[in-house]
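A short worksheet on the structure shown next.
Please treat every number below as a calculation from the coordinates, not as lab data. If you're wondering where the values come from, they're calculated on a predicted model, not measured in any experiment. No Cβ is skipped: glycine too gets one built from the backbone with ideal geometry, and neighbour counts run over all protein chains shown.
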Amino acid sequence: MKRHLISAKDLTRDDALLVLDTAEELARVSGRSVKKLPTLRGLTVVNLFFEDSTRTRISFEAAAKRLSADVINFSAKGSSVSKGESLKDTALTLEAMGADAVVIRHGASGAPYRLADWINGNVINAGDGTHEHPTQALLDAYTMRRHLGSLDGRKITIVGDVLHSRVARSNVLLLSTLGAEVTLVAPPTLLPVSVGTWPCKVSYDLDSVLAKSDAVMMLRVQRERMNAAYFPTVREYSRRYGLSAERYSHLPEHAIVMHPGPMNRGVEIAAEVADSARSTIVEQVGNGVSVRMAVLYLLLGGAQPAIGADK
Amino acid sequence: MTAAQSQDAPYKAVLEAPEIRRALTRIAHEILERTKGGSDVVLLGIQTRGVNLARMLAERFHEVEGLDIPCGSLDVTMYRDDLRMKPARALTKTELPAEGIDDKTVVLVDDVLYSGRTIRAALDALNDLGRPRAVQLAVLVDRGHRELPIRADYVGKNLPTSSQETVRVLLHDVDGRDAVLLGPKGDGK
């Protein structure tokens, strides 16, 4: 039996709650002087990164090492991939080296699905193209749960480049599974055509949504999009969809501000908002390690995985 | 006969509530004697029923000597050697008392001592959590069949069993009733 975590859809409500509860317990390990558990001793986790992402890679690496797994980092840059080796051949090489799990980041949506067909180990999606990033959604849900308690009926607003955001897609799927009401706010040009089929609401007016939000997640505006006619100017985007200090003051008292990082200060989020007491941006990074430990443990720790969809 | 009792039909009660109470009182006295008054003792219950037993023991200390012994819980799941034989299981809480365990006499508390593998895992977990001055083991039932060189310091009842049998410990806080039941293997939890 091999199971994977490729999409936030792979998780039932019970699965998701199990991951969050497990992460809660594992977070205590990070507070100890010996930050290590022997659970995955002897297993090998490969971080297969075709796109640069230091933050996600380090987070997975720390998680695997805290569970005593051996970690192999594979970066496509400077490897045989740049000499033209295919994903399949890379996968088979890793398989032959005895990888028990592969954490994959790839620029092409769907690459983890293909990988899951080729290898015997568990596949964990660490971001594929504009498709999904399920562990990011789990760590966001974990952060929200810590601040807000149960997510049932909570109103979560996700603002920005939804079209290119795997974080937004995974979050919408996971948060709706957990019972939250998600509203996406973005310029029409930055919403996918299929957004009508997603389990969420859509709005073009940030101010009308903010006052009713329990959490606001700002998405990163990528530099290459700024000149690609998705919106007229950076200044206009920032004025209509940026979280300024003035907008921040309209949020309810208990609401938190989130960002998956890395931020463009002054574009999607004002510097003083990013540094405010209700910003969870730095905390999200720490929570990422606990959540990824939970996912690795639940997929690899037992005879059969405790979460994830059959493939 | 209540519904709970009729479910236990193939089971025979070997200890009932008053006997469990007496056993815990005796263990509390023995701990006081062995540790010369119980100063620097920390009780750590092994999840799940060990935690309730540790709490019950702490109550006994309070009743007998007016002593408040710090009490915590230990989940050994991540340290088990049989993890890869079963599906990954959910974790429960590990909570050390505020005093910590460094330089204390830690008394591990569990319901049933069987193969000894749980205690082995608990000793490994303790290693990562701090450095106790000494570690002792208190169990409600020792049913034999040890697979590791581990022995309890305080035993509520020695219960010679066959490996074809199961020992179930029921505690009031979890199961609504205090009892130790002996029954056929594979029947029940």
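Data table
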quantity: Surrounding net charge for B:Leu113, when Lys and Arg each add one and Asp and Glu each subtract one, Cβ distance under 10 Å; calculated: 0
quantity: Net charge over other residues, Cβ less than 12 angstrom from the Cβ of A:Trp198 (K, R count +1; D, E count -1); calculated: +3
quantity: Residue order, fewest to most surrounding Cβ atoms within 10 angstrom, among A:Ile124, B:Ile101; calculated: B:Ile101, A:Ile124
quantity: Average other protein chain Cβ within 10 Å of Cβ, residues B:88-101; calculated: 4
quantity: Förster radius 41 Å - calculated FRET efficiency between B:Arg55 and A:Ser203 (Cβ-Cβ, nearest 0.05); calculated: 0.20
quantity: Cα-based reach from A:Lys35 at 21 Å (exclusive), listing lysines while leaving out same-chain residues under 8 positions away; calculated: A:Lys65, B:Lys93
quantity: 10 Å Cβ neighbours from other chains, averaged over peptide A:36-49; calculated: 2
quantity: Ordering of A:98-111, B:76-89 by burial proxy (mean other Cβ atoms within 10 Å per residue, highest first); calculated: A:98-111, B:76-89
quantity: Alpha carbon centroid spacing (whole Å) that separates region A:238-272 from region A:24-79; calculated: 31
quantity: Size of electric dipole in the protein assembly as shown: Cβ of Lys, Arg +1 and of Asp, Glu -1, about Cα centre, debye, nearest 20; calculated: 800
quantity: Label-point gap, in nm, between A:Arg146 and A:Lys9 - each point 7 angstrom along Cα→Cβ; calculated: 3.0
quantity: DSSP bridge orientation in the protein assembly as shown - percent antiparallel, rounded to nearest 5; calculated: 20
quantity: Size of charge dipole - chain B - debye, nearest 20, with Cβ of Lys, Arg +1 and Asp, Glu -1, no other charges; calculated: 560
quantity: Sequence-distant aspartates and glutamates (8 or more away, or on other chains) whose Cα lies within less than 18 Å of B:Lys36; calculated: B:Glu63, B:Glu65, B:Asp68, B:Asp103, B:Asp153
quantity: Shape of region A:180-225, Cα gyration tensor, a/c cut at 1.5; calculated: oblate
quantity: For residues of B:120-127, the mean tally of beta carbons on other chains within 10 Å; calculated: 1
quantity: Percent of C-alpha pairs per 5 Å bin, region A:110-173, short to long; calculated: 4, 17, 22, 21, 15, 12, 7, 4, 0
quantity: Point-to-point label distance, A:Val34-A:Ala211, nm (Cα→Cβ direction, 7 Å offset); calculated: 5.6
quantity: Beta bridges by DSSP in region A:134-281, antiparallel share as percent, to the nearest 5; calculated: 0
quantity: Value of Rg to Rh for region A:134-281 (Rh from inverse mean 1/r over Cα pairs, i.e. Kirkwood); calculated: 0.92
quantity: Among A:Val289, A:Met258, A:Ser238 the positive-end extreme of the charge dipole of chain A (Cβ point charges); calculated: A:Val289
quantity: Virtual spin-label span in nm between B:His29 and A:Lys77, 7 Å along Cα→Cβ; calculated: 7.3
